[in-house]
Every structure is written in structure tokens, then in C-alpha cells.
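Student: Submitted below is the structure of interest, expressed as C-alpha cells.
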Amino acid sequence: MTATIIDGKAFAASVRDKVAARVAEIKEQNGITPGLAVVLVGEDPASQVYVRSKGKMTVEVGMNSYEHKLDADTSEEDLLAIVEKLNNDPAVHGILVQLPLPDHLNSDLIINAIDPAKDVDGFHISNVGLLGTGQKSMVPCTPLGSLMMLRDHHGSLSGMNAVVLGRSNIVGKPMAQLLLGDSCTVTIAHSRTKDLADVVRRADIVVAAVGRPQMVPGDWIKPGATVIDVGINRIDAPEKGEGKTRLVGDVDYDSCAEVAGAITPVPGGVGPMTIACLLANTLTACCRANGLEEPEGLTA
Ligand code: NDP
């Protein structure tokens, strides 16, 4: 079997188109422009790239983008003051504090200072609790994007066996909650899981979020299963020339694609969906804040 490739790049473009269409409607009918504020502390190169591309795409869908770039030695007090200001700014519907923060700042404290209604990353403890109890919440972007692709591919996920590899707060746990919400039978595997290969072999849906390059081989995959590869790992690529690198996921793409029914590539799978869902969440937050109808198909 050769797997269908789930094209996250194309799917993300269609999500952004939907967001842009609703943003244009809201601007025209209600005179409101959704706004996303991104706060970056320090000069981590990867974070700078993410923040730049978030800002660019925010503007492309017609939203306002507010960037706050702070020195690496910014105090907790000053950062909290900025978060508070953004919480109280009616032009700002979504707030994202780029992680990781420098070591002297307490991420939990900062994230939990964001107004949960503006917490477009879905990391605030209130949103975690709302998601866990099946209530309306802001949902973390990477799991939301993964869920959208699964729903699009399968229609209903009800009754499917899903295995989530990884139990992080930003990917594994919320992913498992979302799959449970869609009536999958969910197993969360992690570094202490016994007989991991056997556990994964039972899955109709495998979501890999471990941060280990190409860890899942094709012979762990049940024939016909759907594989969502969240991993983004940079490895050496001597075949491209000296000192060159390339991106790979947490699954061994070539061997898994021979067995799976469908698979997301890396790059071009889950990655592009993450920013698209950030924009979708900002739109959702704006609609909720203003009592407007929420966009269809862009929330969990
Ligand atoms: P974390 O490092 O926070 O969590 C990794 C999880 O994988 C942990 O629960 C860990 O288990 C588990 N794990 C590690 N090694 C093994 C192993 N050998 N067998 C089984 N489980 C294992 O990572 P994140 O969740 O933040 O990210 C995971 C991957 O997703 C990374 O590659 C990251 O780059 C990528 N990512 C991609 C995004 C995107 O936009 N596409 C967004 C966010 C992340 P334990 O808890 O026991 O230690």
C-alpha cells in the first residue's frame, strides 16, 4: 500500500482563506478588525523566525498584528505589565507569548496571567480545564490543526483507536483530549510505555509528538492506519553537501508511507496548520468577544 499524502500546506492555505473571508465580513458588517499581539522576549533565532512569519500571515488574512519585542533581561514584573495592558486593550483579541521564555521568567505564571478569552495558544490553565471537561475553550494550535486534518480525511473519528505518542502539555495531552472528544479510544504513550511497538500497531490513528527524529518505523504501523507526524527535527544531510541539514519528523516517512493509509509529510504537514490555527483561534476569540457568530469548521 502507498499512503495518501495529507497535504498540510494546501489545507493550511484553505484554512487561511476561510479566516480571511470571515475577517473581511466582520470588518465590513461590524467595523471590527481582529487583532493578534505576539510578545517575544530575547533573541532566540527560531522564535524570531516564528514570530516574523506569524506577523506576516496575520496581516495577510486582514487582521492587525501587534509585535512586542523585549530584551532578554526583561523582568517578570515588566512582562506581566505588558500582558495586563494587552488584556485590557479592546483592539487585541489574541495574545501569544512566544515560548520558550528566558530561564529567569516563570512561563506558567506569565501564561496564566493572559486573559483566558485571549489565550490563542490555549495554554492557560482555564483553557486546559475547559478542554478536559469538554467545554468551549481556546484549543492549542498544533493539536487543533492535527484534528482538522483527521476530520477532513476521515469524516467521523468515532470508535477509532488512536495512539498519541508523547504527553507534553502543548501537544500530546491536548491532542488526546481532542481525540477523546471526537469519541476515539485513546492511548497516550510516552518514554516509559512498555511494548511501544505493539501499542502503536493497534492504532487506526497514530499521532507522533516525541521530538525524536524518525523514531517510528513502518513495521509499527497497522496497515491502512493514518499517521499524523507532529515532529520537527533537523538532522544532518551529507547527501546535500557538507554541513547541510534537512527537516524530518518523528516517524520514518518512507517505511511508514508504504504501510499507512494516509500520512502527513515533514515539512508540509502539521507545521503549516499550526500558524493557520493560530489565526483561526484569533478570529474565534474576536467573534466570542463581540458576540458574533463563530466561524464554522475552525474550532474543535
Ligand atoms: P516534549 O519534549 O515536550 O515531549 C516529548 C514527549 O515524547 C514526552 O512526553 C516524552 O515522554 C515522549 N518521548 C520521548 N522519547 C520517547 C520515546 N523514546 N518513546 C516514547 N515516548 C517518548 O515535546 P513536544 O510535545 O513539545 O514536541 C514534540 C515534537 O513535536 C517535537 O519534534 C517538536 O519539535 C514538534 N512540534 C511541532 C509543532 C508543529 O507546529 N508542527 C509544534 C510543537 C511541537 P516522557 O514524558 O516520558 O518524557
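Student: Looking at region 74-87, can you tell me whether even one residue there is acidic (Asp, Glu), outside any helix (DSSP H, G or I) and at pLDDT 95 or above?
Tutor: There is no residue in region 74-87 that is acidic (Asp, Glu), outside any helix (DSSP H, G or I) and at pLDDT 95 or above.
Student: Quick one: which strands (runs of 3 or more DSSP E) lie wholly within region 208-288 and hold at least 1 residues that are near the ligand (Cβ under 10 Å from one of its atoms) and surrounded by fewer than 22 Cβ atoms within 10 Å (Cβ to Cβ)?
Tutor: Passing ranges, in order: 233-236, 245-248.
Student: Can you name every one of the helices (runs of 4 or more DSSP H) wholly within region 123-201 that holds 2 or more residues which are modelled with pLDDT of 95 or more and touching a Lys or Arg at 6+ places or on another chain (Cβ under 9 Å)?
Tutor: In region 123-201, the matching helices (runs of 4 or more DSSP H) lie at 125-132, 172-181, 196-201.
Student: Only one of these is more than 22 Å from residue 184 (Cα to Cα), open to solvent by 10 Å² or more (accessible area, probe 1.4 Å) and out of contact with any strand residue (DSSP E or B) (no Cβ under 6 Å at 6 or more places or on another chain): 126, 156. Name it.
Tutor: None of the other options fit; the residue is 126.
Student: Shifting gears a bit: Which of the residues spanning region 78-100 are open to solvent by 10 Å² or more (accessible area, probe 1.4 Å), within 18 Å of the chain's Cα centre (by Cα) and among the hydrophobic types (A, V, I, L, M, F, W, C)?
Tutor: The one that is open to solvent by 10 Å² or more (accessible area, probe 1.4 Å), within 18 Å of the chain's Cα centre (by Cα) and among the hydrophobic types (A, V, I, L, M, F, W, C): 99.
Student: Now for a different question. Does region 165-207 hold any residues that are within 20 Å of residue 99 (Cβ to Cβ), of a type in the set (S, T, N, Q) and either more than 8 Å from the ligand (Cβ to nearest atom) or touching a residue at least 60 places away in the same chain (Cβ under 8 Å) (or both), and which are they?
Tutor: Hit for region 165-207 is 177, nothing else.
Student: Go through region 47-58 and give me each residue that's without any contact (Cβ under 8 Å) to a residue 24 or more places away in the chain and open to solvent by 50 Å² or more (accessible area, probe 1.4 Å).
Tutor: Correct list: 48, 49, 52, 56.
The values are calculated or read from the model by the stated rules, or taken from the named source; none is laboratory data. What you see is a predicted model, and the numbers here were worked out from it, not measured in a lab. Methodologically, a virtual Cβ is constructed for each residue, glycine included, from the backbone with ideal geometry; neighbour enumeration extends over all protein chains shown. Remember, those area values only see protein heavy atoms, side chains included, never the ligands or the DNA or RNA. Shrake-Rupley method; radii C 1.70, N 1.55, O 1.52, S 1.80 Å.
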